[in-house]
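One structure is given below, encoded as C-alpha cells.
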Amino acid sequence: MRLALRELRRRPGRFAIATVILTLIAVLLMFLGGLLDGLVAASTGAFRAQQADLVVYSSASRDSLVRSRIEPDVRQRVEAVDGAAAVGGLDSVQLGGRLDGRDPRDLLSIALFGYELAPAGLPDTPPAVGRVYADDALRAEGVEEGTTIALGPARTEVEVVGFVSDTRFNGQGSLWGSAETWAQVVSANRPDVTLADGVVQALVVRAADGSSPAEVADRIDAATDGATSTLTIAEAIDALPGVSQQRSVFNQIIGVTAVIAIVVVALFFALLTVERTGLYGVLKAVGASSGTLFAGVVLQAVVVTLVASAIGVGASLVLDAVIPAGTIPFVATSSRLASSVVVLLVAAVVGCAFSLRRVLRVDPAAAIGGSA
C-alpha cells in the first residue's frame, strides 16, 4: 500500500492521462446531475414550496391542476375529514407577461397562482387584489420590487410587492397572489377557464400532527365518493408532465457515463498491470500476496478518482455560482455531488476488478525471467 502511494507521489505523470479523462467524466457526470436537478426544480418548485402534505384534484382531471375543478360541496366534505388540519384552494394559469419599456412581443413566461394556504416564503394572508409576489428567477428578466407586469392579451396589470425563492412551475417564473387577483386576471384574459364562485382548481391539505398523509388521502377520496383524486406532494410532483420522463432519460445518460468511467479505469489499470508484471513478480518473490498487490492498484485508482472528483465538484460549484438564476437550469446540490463521487468511486473499484485476474496470474519465476 505504501509502495502504491509512493509511486503516485514520485511518478504522478504516469497517472496524468487517467486523471484528465476521469476529471472530464466527473465534470460531465456532475453537470448532467445538476442539469437534471435544475430542470426538475424549475418544473416542480410551486409544489415543493407547499406547506402541506396533500394535493386534492377532481377525479376526472387526470391529476392535472389546470383541468381540475373542486366544487364547494366537495370542498366541505374534504374539510370535514378526520386528520385534515388545514385546507386551502390553489389555482393556476399560464400567461405571457409584458414589462414597460420592452418590445410588446418580448413576453415573459408566467405562471400565476392564486393561493389560500401560504406556501413557504409567502405571507399567511395573500396580498391585496392586484398585488403579487414573484419568484426570484424573474429578477434575471429585470423584474424588481414595484415592477408592474401586464398579463395576458388584456394586459391586466399586477404589481410585484416582494419575492419568493424556488417556486417556478413548468419552467416558468411564478407570480403568487390572492384568489381574487387570480380570478380577476383569468376573467379578463381567459374567460374560458373562469371558475364559478366557490370553485377552485385544487385543494392543498395539511395533515394533522400524528396523522399519516396516505391515510388522510384515502379518507378524503372515500368521503367524496370518488369525486377526488388525492395525492401526496411527492406523487403530485411525479404526476407533473415531463418530470418522470426527464428523470428517466437523464438517469440513463448518467448510467452510461458511469459505465464509461468503468471502462476507462479498467483499460488504464490493465495496461499499467501489464507494465508492472516484472515488478509484481519481484514483490511476490519476496512475500507480497496477490491481495496486497491488488489493494495497491485499487488504492491508486481511488486516489486518482478522488482528485478527479474534487476538480469536478469545484467546477460544479463554480458553475452554480456564475450561472444567473432563470437562465440555464443548473443546480449543484450537496446530495447530487456526493452521489456522483460515490458513483465514480464504485466505477473505479469495479474497473480495477478487471486487473485482478492478471495480478493473480503473475508467476514470480516467469515474471522475473521475462517470459510472463
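The values are calculated or read from the model by the stated rules, or taken from the named source; none is laboratory data. Just so you know, these numbers come straight off a predicted model, no measurement behind them. Here the Cβ is made from the backbone with ideal geometry for all residues, glycine too, and neighbour counts use every protein chain on show.
In the stretch 218-250, which residue that is within 16 Å of ARG48 (Cβ to Cβ) and of a type in the set (S, T, N, Q) is modelled with the highest pLDDT?
So the residue we want is THR232.
Residues in the stretch 202-217: is at least one modelled with pLDDT of 90 or more, surrounded by 14 or more Cβ atoms within 10 Å (Cβ to Cβ) and within 21 Å of ALA42 (Cβ to Cβ)?
yes
Among the residues of the stretch 130-152, is there at least one that is surrounded by fewer than 24 Cβ atoms within 10 Å (Cβ to Cβ), among the aromatic types (Phe, Trp, Tyr) and not in a loop (DSSP other than H, G, I, E, B)?
No, that holds for no residue.
For the stretch 222-245, what are the residues that are farther than 26 Å from ARG77 by Cα and hydroxyl-bearing (Ser, Thr, Tyr)?
Matches in the stretch 222-245: SER244 only.
Does any residue in the stretch 245-273 that is in contact (Cβ under 8 Å) with a residue 12 or more places away in the chain come within less than 8 Å, Cβ to Cβ, of a residue that is among the charged types (D, E, K, R) and assigned to a helix (DSSP H, G or I) six or more places away or on a different chain, and which pairs are these?
From the stretch 245-273, the pairs are ALA270/ARG358; LEU272/ARG14; THR273/ARG358.
Looking at the stretch 29-40, can you tell me whether even one residue there is under 22 Å from ALA179 (Cβ atoms), in a helix (DSSP H, G or I) and of a type in the set (D, E, K, R)?
no
Taking TYR57 and the conditions (1) over 26 Å from the mean Cα position of the chain (by Cα); (2) of a type in the set (Phe, Trp, Tyr); (3) buried (at least 22 other Cβ atoms within 10 Å of the Cβ), which numbered condition does it fall short on, given that it satisfies the others?
With (1) over 26 Å from the mean Cα position of the chain (by Cα); (2) of a type in the set (Phe, Trp, Tyr); (3) buried (at least 22 other Cβ atoms within 10 Å of the Cβ) applied to TYR57, the lone miss is (1).
Report the residue count in the stretch 66-101 for those that are in a loop (DSSP other than H, G, I, E, B), of a type in the set (D, E, K, R), over 28 Å from the mean Cα position of the chain (by Cα) and within 21 Å of ALA236 (Cα to Cα).
2
Which of (1) within 16 Å of LEU272 (Cα to Cα); (2) modelled with pLDDT of 90 or more does ALA49 not meet, given it meets every other one?
(1)
What's the number of the condition GLU157 fails, among (1) among the charged types (D, E, K, R); (2) under 30 Å from VAL27 (Cα atoms); (3) part of a strand (DSSP E or B)?
Just one mismatch for GLU157, condition (2).
Within the stretch 151-165, count every residue that is small (Gly, Ala, Ser), out of contact with any Gly (no Cβ under 7 Å at 6 or more places or on another chain) and over 12 Å from VAL132 (Cα atoms). First the steps, then the outcome.
Here is the first cut: in the stretch 151-165, the ones small (Gly, Ala, Ser) are 152, 154, 162, 165.
Restricting the remaining residues to those that are out of contact with any Gly (no Cβ under 7 Å at 6 or more places or on another chain) gives 154, 162.
Restricting the remaining residues to those that are over 12 Å from VAL132 (Cα atoms) gives 154.
Selection size over the stretch 151-165: 1.
Report every pair of residues separated by at least 6 positions or lying on different chains whose Cβ atoms are under 7 Å apart, first residue within the stretch 292-318 and over 15 Å from ILE17 (Cα atoms), second among the small types (Gly, Ala, Ser) and outside any helix (DSSP H, G or I).
SER316/ALA332; LEU317/ALA332
In the stretch 173-217, what count of residues is obtained for those that are in contact with a strand residue (DSSP E or B) (Cβ under 8 Å, 6 or more places away or on another chain) and of a type in the set (D, E, K, R)?
Within the stretch 173-217, residues that are in contact with a strand residue (DSSP E or B) (Cβ under 8 Å, 6 or more places away or on another chain) and of a type in the set (D, E, K, R) number 4.
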